[in-house]
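Below is one structure, written out as structure tokens; comments come after it.
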Amino acid sequence: MTNGFKPDQLLYGGDYNPEQWPPEIWREDVRLMQEAGVNFVSLGIFSWAKLQPGPDAAFNFGWLDEVMGLLHAGGIGINLATATASPPPWLFVQFPDARPVTWDGVRLEVGGRQLYCPSHQGFRSAVQTLVRAVAGRYSDHPALRLWHVNNEYGCHISECFCDLCGEQFRVWLRERYGDIATLNAAWGTAFWSQQYGEWAEIQPPRQAPTYANPAQQLDWRRFSSDNLLGLFELEVEVLREITPQVPVTTNFLGFLKNVDYVKWAGREDVVSLDAYPDPADPLGHVEAALQYDLVRSLGGGQRWLLMEQATSAVNWRTRNAPKRPGLMRLDSLQAVAHGASAVMYFQWRASRAGAEKYHSGMLPHVGEKSRTWQEVKALGAELRGLRPLAQMGVPTRVALLFNWENWWALEIDSKPSADLRQMPIVLKYYAALRSLGQSVDLVWPEGDLSGYDAVIVPNAYLLTAGAAGNLRAFVQRGGHLVLGAFSGIVDEHEQIGLGGYPAMLRDVLGAWVEEWLPLAPGATLGVRREDGQETQTRTWAEKLHLSGAQALAHFTGDYLAGGAAISEHAFGQGRAYYLAADFEREDIAWVLRRALLAAGVAVSDLPLELDVGVSSSQDSHVLTLLNFHRTETLHLQLPEGGHELGGAGNVAPRLDLAPLEARFVRYDRPVAPSDVHVVTSELAPV
Ligand code: GAL
């Protein structure tokens with residue numbers, strides 16, 4: 001095992017795909033990389049076909065030897081791919097059944113990428129052979145710093161419904177349940193005459209006449225994520241054997257629904273992320289921040305790698321907006337402010353051919369005279385000056401609870417409302433926390449909560465006894481818990497807890513839910529808050545009974561009128577808040593403000609266009625201020641005593657932050673994002 005991957009400087013670079021270019025370009029590439037301050041590249045991600053031209057052909061490493069030699073001579077470190085991301089066409093002539101099958105029975109064809117069935121033995125041994133060859137060839141290469149395993153597992157193919165996967169599913173279920181009676185009980189197969197007598201009767205939840213058994217669907221998600229993880233581990237095993245000294249990563253996609261990264265992260269030496277906020281979305285950076293906080297938390301608070309982003313437009317949205325001048329820099333600095341120690345792009349040189357030729361690169365088609373190239377060079381120089389950040393952590397007192405299994409369960413069909421979707425709910429709560437000036441960690445249901453003053457749970461539809469016990473103990477010990485609607489409904493088998501929802505937390509909340517009132521599209525239900533504010537909910541409302549809690553808001557409409565809509569309850573040394581509706585961000589922020597203040601956590605009122613963070617080491621604390629507003633200057637009041645990062649100059653506490661401007665201000669004492677206040681701005685604080 002390695003000791004992780006902790007660069008002492010910020011890494012800068014991108015995916016490098018030299019197989020798309022003739023050798024003379026490689027030399028120019030290295031020269032230009034040096035000019036831009038590139039010190040790290042991800043190499044060979046899609047090189048399988050070039051490295052192994054046929055099933056019986058000898059490996060073709062000559063060109064890669066040359067490229068790696070050039071990079072090394074240029075002082076550029078290599079994140080070497082295992083090259084397994086896109087199997088070559090010949091593999092499917094050899095193994096036609098290694099092509100994955102969709103839910104409705106279609107076997108996918110050659111011509112794109114990421115075409116593979118994770119369970120196919122022929123494919124798996126081809127992967128092992130390739131990884132063994134690449135690792136063996138370059139184990140001692142002086143430029144090799146990190147292994148890049150495959151690429152974005154689950155991006156295109158996260159589940160395969162073929163018979164081989166069906167067989168693996170049954171093996172997985174046997175391990176989980178031991179005997180068929182236990183499975184029948186867990187899946188509730190007494191319903192609709194679904195009882196199984198033999199393991200062989202069980203199939204993947206393929207297209208069926210109507211809703212497939214929900215517990216079967218949930219286990220299928222778990223299995224599919226684990227099956228991909230097995231593929232990752234297949235590669236990692238070979239790498240650890242041949243190069244135990246070289247750390248390993250695979251690039252995550254943030255909130256990729258079908259892959260439970262909590263299970264994956266512990267198997268890597270460093271966590272890495274690909275992030276593509278939409279430049280056309282003025283609040284795209286808020287979602288990006290949530291992803292950055294996710295990966296930092298997945299890595300246990302260690303610094304992480306932004307493995308891919310775009311310098312400008314991507315090619316895969318319906319309309320692909322470019323990043324206006326300055327936005328690429330700001331996006332990149334935001335990742336650093338949230339804990340990244342690498343700023344990397346897809347890709348170094350924009351392609352001439354293929355499906356991604358309209359995707360931006362560090363070096364655009366236009367070349368050195370492009371503004372993107374000028375911005376790329378300027379950012380490379382700037383990152384060198386931000387080196388102190390490469391070793392700092394991101395202190396937080398507030399955690400947001402997230403759970404992939406809950407996401408899966410909530411969005412399984414046949415629910416009271418199809419409108420309750422996991423990510424929009426999570427994003428609203430996260431944005432509310434950011435608007436209150438909070439740095440946020442993500443935590444998992446049965447994880448350690450002891451380091452936090454407040455734990456925010458936007459939704460925990462699926463709650464295990466272990467997780468409920470964890471939350472209960474947190475509040476008992478003095479923690480402040482905020483729980484969103486439709487929580488604590490089912491256990492890990494999608495079975496409902498009886499006697500009033502949420503069955504396992506009724507005493508903690510001092511309240512319980514009797515029934516749900518899903519709202520029609522466009523409909524609203526009035527709510528009056530304790531501060532006199534009239535507001536409303538869309539989508540969802542609940543009939544909440546108080547059994548010890550006090551109401552902070554009441555419904556004013558329909559047959560819920562007069563009933564509690566938000567509750568607060570003292571339990572043990574702490575407090576628990578419950579929101580019995582799918583509220584908008586402003587109302588969520590109102591509850592969170594109250595909970596945070598009760599927990600002794602200071603709050604501020606910040607516009608979402610401002611990304612404020614703090615990075616800390618033992619004796620240095622850096623406030624990061626990024627103005628994502630495209631046209632407005634923000635007028636800020638900072639704590640006294642700030643200095644320019646990397647300089648001795650004082651920073652006056654009254655600071656104007658121009659559109660798309662970033663500032664890094666260093667303090668000798670701890671500071672928090674909530675120490676920043678907007679003085680006068682045309683932007684209304686949230
Ligand atoms: C990523 C992928 C890259 C490239 C990029 C385009 O998902 O890893 O190979 O396709 O998207 O935005």
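Here, each number is a calculation from the coordinates, and none is a lab measurement. Given the structure is predicted, the values throughout are model-derived calculations rather than measurements. Every residue, glycine as well, gets a Cβ built from its backbone with ideal geometry; the counts of neighbours run over all protein chains shown.
Points worth noting:
- Rounded to whole Hz, the Karplus (6.51, -1.76, 1.60) HN-Hα couplings of region 263-273, x for glycine and proline: 6, 7, 4, x, 8, 9, 8, 8, 8, 10, 9
- Placing +1 on the Cβ of every Lys and Arg and -1 on the Cβ of every Asp and Glu, with no other charges, gives the chain a dipole of roughly 920 debye about its Cα centre.
- Diffusion coefficient of region 286-386 by Stokes-Einstein, Kirkwood radius over Cα pairs, 4 °C, 1.567 mPa s: 91 µm²/s.
- Around the Cα centre of region 610-680, unit charges on the Cβ atoms of Lys, Arg, Asp and Glu (plus for the first two, minus for the last two) sum to a dipole of about 40 debye.
- Order of 86, 193, 439 - criterion: other Cβ atoms within 10 Å of each residue's Cβ, fewest first: 193, 86, 439
- Quarter of Cα convex hull surface for region 398-598, i.e. mean projection, nm²: 10.0
- Label-reachable residues, region 204-219, where backbone N falls under 13 Å from a point 7 Å from residue 413's Cα toward its Cβ: 205-214, 217
- Projected area averaged over orientations for region 610-680, convex hull of C-alpha atoms, nm²: 4.3
- As a rough footprinting exposure proxy, the listed residues 156, 359 were ranked by other beta carbons within 10 Å of their own, and the order from fewest upward is 156, 359.
- Relative to the 2.2 N^0.38 Å rule of thumb, the chain has a C-alpha radius of gyration ratio of 0.99.
- Calculated P(r) tail over 26 Å for region 549-678, as whole % of Cα pairs: 42
- Under 30 Å of direct C-alpha separation, and excluding same-chain neighbours fewer than eight residues apart, residue 50 reaches these lysines: 357.
- Panel values: region 152-193, Kirkwood radius from alpha carbon pairs, Stokes-Einstein at 4 °C and 1.567 mPa s, translational diffusion coefficient 107 µm²/s.
- By the count of neighbouring beta-carbon atoms within 10 Å, fewest first, 631, 250 end up ordered 631, 250.
- Backbone geometry of region 382-392 corresponds, through the Karplus equation with coefficients 6.51, -1.76 and 1.60 at θ = phi - 60°, to 3J(HN,Hα) couplings of 5, 4, 4, x, 9, 3, x, 5, 4, 10, 9 Hz, x marking Gly and Pro.
- Backbone geometry of region 449-465 corresponds, through the Karplus equation with coefficients 6.51, -1.76 and 1.60 at θ = phi - 60°, to 3J(HN,Hα) couplings of 9, 5, x, 10, 8, 9, 10, 10, 10, x, 7, 9, 3, 9, 9, 7, 4 Hz, x marking Gly and Pro.
- Start at zero, step by 10 Å, and the Cα-Cα distances of region 82-127 spread as 29, 60, 11, 0 percent across the bins.
- Sequence-distant residues sharing a close amide H with residue 162 (under 5 Å, placed H): 101
- Positive-end residue, region 163-217 charge dipole about Cα centroid, Cβ charges, pick of 203, 169, 217: 217
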